[in-house]
Amino acid sequence: MPRFGVSFSTRIATPADLERLLPLVRELWKHEHMEWHETRTPAALARLLGDDSLGRVWISEDAGRAIAYLALCFGYSLEFFGRDAFVDELYVDPAYRSHGHGGHLLATVDAACPALGVRALHLEVDHVNERVKGLYVRAGYKDHERFLMTKLVR
């Protein structure tokens, strides 16, 4: 059963939320052992917050405190006949985990997809992270017997 306080809310983040989001993004990157860049990471987030053609970021707050976020980035797919999107990042403050906040963010994005023209959602999860995989399966995501491969273009 989700546990949400009276002052809990979720909304689309704006460029004004950059400084409130950065500590959460930093924590996710630290947890995932991703290399933080002092200028490039905030600049990339600022660009996403400021350009609706790239995607959206949702922020969850409790009593005005940022506790979770989800970054959705747009793409296009012939396989899915139009716009698709990647749940690029989902983070919930550890004090708020296991109370439905991640599922709430995923459901919020699902509900927004038709209006955004999104026909398919993708995400990645570590193979060994059974707890989070369970969250995604409950939200309707399926393993399609492929795996994500990445090549950095410089």
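The values are calculated or read from the model by the stated rules, or taken from the named source; none is laboratory data. What you see is a predicted model, and the numbers here were worked out from it, not measured in a lab. Glycine also receives a Cβ, built like all others from the backbone with ideal geometry; neighbour counts cover every protein chain displayed. Protein only, heavy atoms only, side chains kept; ligands, DNA and RNA dropped before computing areas. Shrake-Rupley method; radii C 1.70, N 1.55, O 1.52, S 1.80 Å.
Calculate the dipole size of the range 1-118 relative to its Cα centre from +1 charges on Lys and Arg beta carbons and -1 charges on Asp and Glu beta carbons; express the result in debye to the nearest 20.
Details: 11 positive and 16 negative charges, 51 e Å.
Its charge dipole is roughly 240 debye.
Ignoring everything except DSSP H segments at least 4 long, calculate the 222 nm mean residue ellipticity for the chain; use -39,500 (n - 2.57) per segment, divide by total residues, nearest 500.
Working: 4 runs with 50 residues, N = 154.
Theoretical 222 nm ellipticity from helices: -10000 deg cm²/dmol.
Considering only alpha-carbon pairs that sit under 8 angstrom and 6 or more positions apart, the relative contact order computed for the range 52-106 is 30 percent. Does the range 8-113 come out rounded, prolate or oblate by the C-alpha gyration tensor, with a ≥ b ≥ c the root eigenvalues, rounded set by a/c under 1.5 and, if not, prolate when a/b is larger than b/c and oblate if not? Oblate. Per residue, the range 13-154 exposes 63 Å² of accessible surface when a 1.4 Å probe is rolled over the protein heavy atoms with every protein chain present.
So for the range 60-150, averaging the separation of alpha carbon pairs under 8 Å that are six or more residues apart and normalising by length, what relative contact order in percent results? Numbers along the way, then the final one.
Working: 99 pairs, mean separation 22.5, N = 91.
Relative CO of the range 60-150 lands at 25 percent.
Once C-alpha pairs closer than 8 Å and six or more residues apart are averaged by separation and normalised to the residue number of the chain, the relative contact order reads 20 percent. In terms of its C-alpha gyration tensor, the range 59-151 has an oblate overall shape, because the principal axis ratio a/c (a ≥ b ≥ c, square roots of the eigenvalues) is not below 1.5 and a/b does not outweigh b/c.
Taking amide H positions as modeled 1.01 Å from N, with prolines and chain starts lacking one, the residues under 5 Å from G55 and 5 or more places away or on another chain are F74.
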